Amino acid sequence: MKTYKPTTQSRRSMTTVTYRGVLSTSEPYKPLTKGFRRGSGRNSFGRITSQHRGGGHKRAFRDIDFVYDKMDIPAKVQTIEYDPNRSGFIGLVSYADGAKRYVLLPKSMKVGDKFIVSVSAPLEVGNRTSLKSIPVGTFVYNIELKPRAGAKLVRSAGNYAQVVAHDGGYTSIKLPSSEVRKVVDSCFASIGEVSNDEYRLVKIGKAGRARHMGSRPKTRAKARNPVDHPYGGGEGAQPRGTRRPKTKQGKTTGGHKTRSPKKYSNVHIVSRRVVRKKK
């Protein structure tokens, strides 16, 4: 992590990830980038569903390959790059047939390293193979939920899942949330951990940096008017006045289960995640 001299109070506690010596270039590969409109917390109807989002620095979208359809073709890492749209580092890789793709890189992978996507791939960091070929205890990321449907699980910086069992055509995986889940063993996963594991240690330090990241100011619920929130109103500081904590829309929160009890994928969950109190 990079720290700064305490020239101001906000600078005193600010930290950033040390990119020097890790990233190999600052410019993306143009054929795999495009512009896009950020939703700013809005749904398909244009209504705000996630509060306090908007603004921020303009970003270019990098087309990341999560499907990995180049089977049995060796690939070589050409660059290691920063992606403003995700927390892990990405890399431009060139396949032996000349194709170039962006992929999510694992920890410890460097420029010049090679990997392969194959059912018979060696058990080395960066290689991608089917879950049934991966031994118990191995760390994996970029996990598919359906065969050849693309990686959906464990894609955030520093995250990894662990293979814990093989049984009856399914592989049991312990996810970062501590949930143990069954996945069809013909699904593919990459071996290793997602890069940029220092990401979770970053301290933003000042409000202006948060605004550059697209986060807008937040007003405490109890400081609002009654028309704006269930906690609003009253002279001076008031308790929330409701039996259970609520959202702005009046929905119960704070320990209330939001997952549907009849969700189709419930049958694949071996054990639920352990919910711990925040320190």
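Within segment 184-201, can one find any residue that is buried (at least 16 other Cβ atoms within 10 Å of the Cβ), more than 30 Å from LYS114 (Cβ to Cβ) and touching a residue at least 12 places away in the same chain (Cβ under 8 Å)? No, segment 184-201 contains no residue that is buried (at least 16 other Cβ atoms within 10 Å of the Cβ), more than 30 Å from LYS114 (Cβ to Cβ) and touching a residue at least 12 places away in the same chain (Cβ under 8 Å). Only one entry of LYS222, LYS248 meets the criterion of being in contact with an Asp or Glu (Cβ under 8 Å, 6 or more places away or on another chain) and more than 30 Å from ILE134 (Cα to Cα), and that entry is LYS248. The set of residues from segment 134-149 being surrounded by 15 or more Cβ atoms within 10 Å (Cβ to Cβ) and outside any strand (DSSP E or B) comprises ILE134, THR138, ASN142, LEU145.
Output yes when any residue across segment 235-242 is at pLDDT below 95, over 26 Å from ARG272 (Cβ atoms) and buried (at least 17 other Cβ atoms within 10 Å of the Cβ), and no when none is. Taking every residue of segment 235-242 in turn, none turns out to be at pLDDT below 95, over 26 Å from ARG272 (Cβ atoms) and buried (at least 17 other Cβ atoms within 10 Å of the Cβ).
The residue of segment 109-165 that is nearest to VAL184 (Cα to Cα), among those that are in contact with a Ser or Thr (Cβ under 7 Å, 6 or more places away or on another chain) and of a type in the set (D, E, K, R), is LYS132.
Restricting segment 202-227 to residues that are more than 17 Å from TYR4 (Cα to Cα) and of a type in the set (Val, Ile, Thr), the residue that is surrounded by the most Cβ atoms within 10 Å (Cβ to Cβ) is THR219.
How about segment 35-73: which of its residues are of a type in the set (D, E, K, R) and in contact (Cβ under 8 Å) with a residue 24 or more places away in the chain? Passing the criteria: ARG38, ARG53, ARG59, ARG62, ASP63, ASP65, ASP69, LYS70, ASP72.
Report yes if ARG224 is touching a Ser or Thr at 6+ places or on another chain (Cβ under 9 Å), of a type in the set (D, E, K, R) and modelled with pLDDT under 95, otherwise no. Taking the combined requirement at face value, the residue does not satisfy it. Of the residues in segment 103-128, how many are within 29 Å of THR25 (Cα to Cα), more than 19 Å from the chain's Cα centre (by Cα) and β-branched (Val, Ile, Thr)? Residues that pass the stated criteria total 4.
Between a first residue in segment 4-30 that is closer than 21 Å to ASP197 by Cβ and a second residue that is surrounded by 11 or more Cβ atoms within 10 Å (Cβ to Cβ) and of a type in the set (Gly, Ala, Ser), which pairs have beta carbons less than 8 Å apart while being 6 or more apart in sequence or on different chains? Pairs found: SER13/GLY205; MET14/GLY205; THR15/GLY205. Against the test of being surrounded by fewer than 16 Cβ atoms within 10 Å (Cβ to Cβ) and more than 30 Å from TYR4 (Cα to Cα), the options PRO176, PRO230, PRO261 yield a single qualifying residue, PRO261. Of the residues contained in segment 262-271, one or more are found to be in a loop (DSSP other than H, G, I, E, B) and under 24 Å from THR171 (Cα atoms). Every condition in (1) more than 18 Å from GLY192 (Cβ to Cβ); (2) loosely packed, with under 15 Cβ neighbours inside 10 Å is met by GLY112 except one, and the failing one is (1).
Residue by residue, here is whether (1) assigned to a loop (DSSP other than H, G, I, E, B); (2) aliphatic (A, V, I, L, M); (3) more than 18 Å from ILE269 (Cβ to Cβ) holds:
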| position | (1), (2), (3) |
| --- | --- |
| ALA165 | no, yes, no |
| SER172 | no, no, no |
| VAL183 | no, yes, no |
| ASP197 | yes, no, yes |
| ARG211 | no, no, yes |
| ASN225 | yes, no, yes |
| TYR231 | yes, no, yes |
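Taken over segment 62-109, the criterion of being in a loop (DSSP other than H, G, I, E, B) and either out of contact with any strand residue (DSSP E or B) (no Cβ under 9 Å at 6 or more places or on another chain) or farther than 18 Å from VAL194 by Cβ (or both) is satisfied by ASP63, ASP69, LYS70, MET71, ASP72, ILE73, PRO74, ALA96, ASP97, GLY98, ALA99, SER108. LYS152: under 20 Å from the mean Cα position of the chain (by Cα), surrounded by fewer than 19 Cβ atoms within 10 Å (Cβ to Cβ) and part of a strand (DSSP E or B), yes or no? For LYS152, the condition - under 20 Å from the mean Cα position of the chain (by Cα), surrounded by fewer than 19 Cβ atoms within 10 Å (Cβ to Cβ) and part of a strand (DSSP E or B) - is met. Condition first: outside any loop (DSSP other than H, G, I, E, B) and among the aromatic types (Phe, Trp, Tyr). Can you find one or more residues in segment 10-25 that meet it? Within segment 10-25, none of the residues are outside any loop (DSSP other than H, G, I, E, B) and among the aromatic types (Phe, Trp, Tyr).
The values are calculated or read from the model by the stated rules, or taken from the named source; none is laboratory data. As the structure is a computational prediction, the values presented were derived from the model and not from experiment. Cβ: placed from backbone, ideal geometry, glycine included. Neighbour counts: every protein chain shown.
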